[in-house]
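Right, one structure below, let's go through it.
The values are calculated or read from the model by the stated rules, or taken from the named source; none is laboratory data. In this text the structure is predicted, and so the values were computed from the model without any measurement. A quick note on method: Cβ atoms are made from the backbone with ideal geometry, for glycine too, and the neighbour counts reach across all protein chains shown.
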Amino acid sequence: MSRALALVVYAFTAVFFALFFFYPIALTVGGAFFLNGRFTLDFIGEVFANPIYVEGLRNSFLLGVCSTLAALGIALPLAWLADRYEFTGKKVFSALILAPMVLPPFVGAIGIKRIFGQSGALNAALLDLGLLTEPIDWLGGGRFWGCVALNGLNLYPVLYLNIAAALANIDPAMEEAAENLGCTGLRKFFRVTLPLILPGLFAGGTIVFIWAFTELGVPLIFEFERVTSVQIFFGLKDISSSPFPFALVAVMLFATVLIYAVGRFTLGRGGHAMMPKATSQGGPRPASVLINVFCVGLFGLVALLALQPHFGLVSFAFAKDWYGTVLPDTLTLDNFRDALGHNLTVPSIANSLKYAGLATMADVILGILIAYVIVRTNLPGRQILDTVSMLPLAVPGLVLAFGYLAMTQPGRPFAALNPTINPLPILVIAYAVRRLPYMVRSAVAGFQQTSPTLEEAAQSLGCPPLRTLRRITVPLIAANLIAGALLTFSFAMLEVSDSLILAQRQADYPITKAIFELFQLLGDGRAVAAALGVWAMVFLGFTIVVASTVLGKKMGALFRV
């Protein structure tokens, strides 16, 4: 790629992010701090003076912290055991514990409520056994712990992938040297191993915290309204007349940035460099009988817990009636048929295919060009381009979705993109911005694994840079591009925040908005929503299996900032 073309890519990316990433964020922040062109802190002060808003912020922060700790408590021992030991059924368990990735958290909440709700399967089983005299609300008062449990069970794979990749990069000689000096057991783990994997742990933990801190779908399904994300969602109707939704979003954004900066300073800075090649033979070793039983038991228990939302959702989807019993009284396929024939679901599937397909096409083109500039050129500032392309992972989806809604209000420069008129352009842009990091990381991995000698040979024979990229490079990295495109497409198909906020007309609903609206309906609406969620789960599961087969342990880099 010529320097001139690389500069064009750099400039286009800068303009794209300026308009559709930094501008909506700046507009949101400006709406919180400026009134008629005059700077004011009144709105921010009112947020902290209002006990309801303060409670929402406190609950959101606690959700983020507790969910991250829960995910860490699950992921860290699993990743360490998988890295160090060969045990019975390791490959099967390693696949099963990634099952939460195929189910969006708010869809999993539907299944969890059927098992742990007051009229759910667990209470029915305990009542039948005579261990209870009346149902218990297992989700807890206010549903807080239900949200924590579901977030932890759904998000620990992000941490697991990052920790597993970090452990695989450790030079065994460093741990062997510690053992030779008498540092063994837990002391070796905390003094040697843990510091070496802190960057990976921080990378995954950041995504988990931001996701849980700003999660919208799970609290909505659990009817847990005293969190900032839900308060923002309910305040959207006042966006044109009230500054307080802007203030809430600004506070959430600043809190995210502050927590990220503190974590980066304390945990993510200055990773310990590894030797280019391991200086000692490493790898997992056969587990003893006792350790084998422990590993199988722990992985089996986590897999069982992680599959509870899937079990509840699938059972509900097959149920003709399921209330107050351990299993559905009557099974039927009608819900699956209705999910593909309901007047709300059929257009939503077509809409999601259209939105996600266009966004994926844009991300594939932009991702290849950005990755090429990052890996194959010496352009000054290319690392800035790399960092900027990953920023959407560090900014809450709720913040960006709110910013897009704000920038398309009447009188704004992008009013023509108002979702009440035609949501297609702004939803495609939103999906593309949010999922671009996956495409960039996949393409970067492909370029790094492919020698540039074939490209240099083609160019030495007079093949222009763009033609070389199209005819030589892209076919060589096609597997990585397909994996990235599948992940981009599937996650865009099941995007929650952008869909719930920007799709405001029924005819324009994507799949996730249709599931949410169906869940609000009485009668068969919730069962049909569950069936549509199962269809989505099967689709997402297929794409993740294909992507993980291609990318292997590099898949963890897709969830890293």
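Annotations
- Verdict on residue 11 being at pLDDT 90 or above and either within 27 Å of the chain's Cα centre (by Cα) or in a helix (DSSP H, G or I) (or both): no
- In summary, helices (runs of 4 or more DSSP H) completely within region 359-450 and bearing 3 or more residues that are over 25 Å from residue 258 (Cα atoms) occur at 424-449.
- Residues located in region 316-327, provided they are modelled with pLDDT of 85 or more and touching a Lys or Arg at 6+ places or on another chain (Cβ under 7 Å): 316
- Per the listing 351, 343, the residue uniquely buried (at least 22 other Cβ atoms within 10 Å of the Cβ) and either within 20 Å of residue 493 (Cα to Cα) or under 22 Å from the mean Cα position of the chain (by Cα) (or both) is 351.
- Tally, over region 14-46, of residues that are part of a helix (DSSP H, G or I) and on the phi > 0 side of the Ramachandran plot: 0
- Selection within region 121-143 - assigned to a loop (DSSP other than H, G, I, E, B) and over 25 Å from residue 513 (Cα atoms): 129, 130, 131, 132, 133, 134, 135, 136, 137, 138, 140
- Within region 448-470, the set of residues being surrounded by fewer than 19 Cβ atoms within 10 Å (Cβ to Cβ) and either of a type in the set (Asp, Glu) or under 15 Å from residue 483 (Cα atoms) (or both) comprises 449, 456.
- Region 267-311, subset more than 30 Å from residue 537 (Cβ to Cβ) and modelled with pLDDT of 85 or more, residue surrounded by the most Cβ atoms within 10 Å (Cβ to Cβ): 292
- Checking region 194-207 against the condition returns no match, with no residue being surrounded by 23 or more Cβ atoms within 10 Å (Cβ to Cβ), part of a loop (DSSP other than H, G, I, E, B) and in contact (Cβ under 8 Å) with a residue 40 or more places away in the chain.
- Counted residues, region 316-334 - those being outside any loop (DSSP other than H, G, I, E, B) and of a type in the set (Gly, Ala, Ser): 2
- Answer residue from region 145-162, given it is over 15 Å from residue 110 (Cα atoms) and modelled with pLDDT under 85 and is surrounded by the most Cβ atoms within 10 Å (Cβ to Cβ) among those: 162
- Flag for residue 170 being of a type in the set (Val, Ile, Thr) and outside the structural domain of residue 58 (by TED's automatic domain parsing): yes
- Flag if residue 186 is in a helix (DSSP H, G or I), surrounded by fewer than 18 Cβ atoms within 10 Å (Cβ to Cβ) and under 32 Å from the mean Cα position of the chain (by Cα): yes
- Test: residue in region 328-336 that is in contact with a helix residue (DSSP H, G or I) (Cβ under 6 Å, 6 or more places away or on another chain) and either among the small types (Gly, Ala, Ser) or at pLDDT below 80 (or both): no
- Residue check for residue 44: more than 24 Å from the chain's Cα centre (by Cα), buried (at least 18 other Cβ atoms within 10 Å of the Cβ) and of a type in the set (Val, Ile, Thr): yes
- Residue in region 215-224 that is more than 14 Å from residue 72 (Cβ to Cβ) and surrounded by fewer than 18 Cβ atoms within 10 Å (Cβ to Cβ) present: yes
- Scanning region 452-467 for residues that are part of a helix (DSSP H, G or I) and either in contact (Cβ under 8 Å) with a residue 24 or more places away in the chain or among the acidic types (Asp, Glu) (or both) yields a count of 4.
- Filter result for residue 109 (in the same structural domain as residue 307 (by TED's automatic domain parsing), of a type in the set (Gly, Ala, Ser) and surrounded by 24 or more Cβ atoms within 10 Å (Cβ to Cβ)): yes
- Residue in region 77-87 that is among the small types (Gly, Ala, Ser), under 19 Å from residue 197 (Cβ atoms) and surrounded by 17 or more Cβ atoms within 10 Å (Cβ to Cβ) present: yes
- Selection of region 335-375 for residues being farther than 30 Å from residue 526 by Cβ and among the aromatic types (Phe, Trp, Tyr) yields only 372.
- Within region 382-440, being touching a Ser or Thr at 6+ places or on another chain (Cβ under 6 Å) and basic (Lys, Arg) holds for one residue alone: 435.
- Among residues of region 504-529, those that are farther than 14 Å from residue 342 by Cβ and either modelled with pLDDT of 90 or more or among the acidic types (Asp, Glu) (or both), counted: 2
- Within region 47-106, the set of residues being hydroxyl-bearing (Ser, Thr, Tyr) and not in a helix (DSSP H, G or I) comprises 85, 88.
- Residue satisfying condition, being assigned to a helix (DSSP H, G or I), buried (at least 24 other Cβ atoms within 10 Å of the Cβ) and assigned by TED's automatic domain parsing to the domain that holds residue 544, within set 487, 481: 487
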